[in-house]
Structures are given as structure tokens and as C-alpha cells.
Amino acid sequence: MSALAEHAALADPALAPYAVDGCGPGEWEPRLDDPTRAFVFEAVYEAFQLHYGEPRVFRGMDDELRLLAGDAIYALALERLAERGDLHAIAELADLISLSAAAQADGRVELVDELWQASARALSEPGARAERAGAVAAGRPGAPAAARDVRP
């Protein structure tokens, strides 16, 4: 079962009428070897899409329900990581959520994909997060522009 299909199956019963049938694999899932991280990353991306874009798992909600559903999915996804003590992934995703929201609020949507790409790398490649954090702190060109230029 793909992470997206699992996400739809595990959703709160109140969201079931909005679930899309036949979810295939998400775009991020193949990039993350750890199945828990893959599930959570896809869930966090779905929550972000509920807030700002076109969700893949849920459709037909009004704006208020989309916002509430997105918040609930963020919380459930991060809870799954907390249960296994994956503080590295929690920190990465917390940064991703806040930086992506700030980029959206600033009207800099072109930076959002770069943030998601960098976080996927940070969760799949050992040392990528520390490397990026050092580059951001030093203002080096190797840091993703979104992380250098957007502050929550």
C-alpha cells in the first residue's frame, strides 16, 4: 500500500467522504527509504497542499475544513515520528512547515519546491541537514535560496 493510500485509510472518519479512491505512490515516497519517514513526509505534504495548493488524497472540502484537516494531518504525522523518537525528522519537518508557510505568505511560491527538495534530501541523505544548516548560517551559496531568504 502506498503512503498516500495508507494516509487515506487512516484518516479521521470525518474526512473519509473526501478521500480520493485509488491513490498511487506519492511523489516523495520513492526518495525516502525509511517507510515511516516516507509516510510522514507525504502526510505533511498533503497537509501543506490542503492549506495552500491542490491536495492529492482529499478533495471537495470547503476552505475552513481544508485548513482544519491540514492542521490535524500535520499533528498526526509529527506524532508518528515522536512515537519513535525521530527528533531529527521532527526538527526538519517543523522547519519545512514554517519556512514553506512563510514563503507562501511572502508571495514567494517559487521557493516552496526548493524547500521541499532540500528537506527530502535532508531526511534521506546522512549529513544533508547539518550541511544545509551550516551553509545557511554562513550565508554560503550552497544553501537553498529559500532557506537563506525566507525567515518565519
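Miscellaneous remarks
- Subset of region 28-45 (residues that are of a type in the set (D, E, K, R) and closer than 17 Å to residue 103 by Cα): none
Matching residues to (1) farther than 21 Å from residue 61 by Cβ; (2) surrounded by 11 or more Cβ atoms within 10 Å (Cβ to Cβ); (3) among the hydroxyl-bearing types (Ser, Thr, Tyr):
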| site | (1), (2), (3) |
| --- | --- |
| 3 | no, yes, no |
| 6 | no, yes, no |
| 15 | no, yes, no |
| 18 | no, yes, yes |
| 21 | no, no, no |
| 28 | yes, yes, no |
| 34 | yes, yes, no |
| 38 | yes, yes, no |
| 41 | yes, yes, no |
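Here's the yes/no breakdown for (1) assigned to a loop (DSSP other than H, G, I, E, B); (2) more than 17 Å from residue 116 (Cβ to Cβ); (3) out of contact with any Ser or Thr (no Cβ under 7 Å at 6 or more places or on another chain):
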site: 50; (1), (2), (3): no, no, yes
site: 56; (1), (2), (3): yes, no, yes
site: 75; (1), (2), (3): no, yes, yes
site: 80; (1), (2), (3): no, yes, no
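- If you go through region 1-33 and pick out every residue that is more than 18 Å from residue 120 (Cα to Cα), touching a helix residue (DSSP H, G or I) at 6+ places or on another chain (Cβ under 6 Å) and part of a loop (DSSP other than H, G, I, E, B), you end up with 1.
- Residue match in region 53-62 (condition: within 10 Å of the chain's Cα centre (by Cα) and not assigned by TED's automatic domain parsing to the domain that holds residue 90): no
- The residues in region 100-128 that are among the small types (Gly, Ala, Ser) and surrounded by 21 or more Cβ atoms within 10 Å (Cβ to Cβ) can be counted, and the count is 6.
The values are calculated or read from the model by the stated rules, or taken from the named source; none is laboratory data. Just so we're clear, the structure is a prediction, and the values are computed from it rather than from any experiment. Methodologically, a virtual Cβ is constructed for each residue, glycine included, from the backbone with ideal geometry; neighbour enumeration extends over all protein chains shown.
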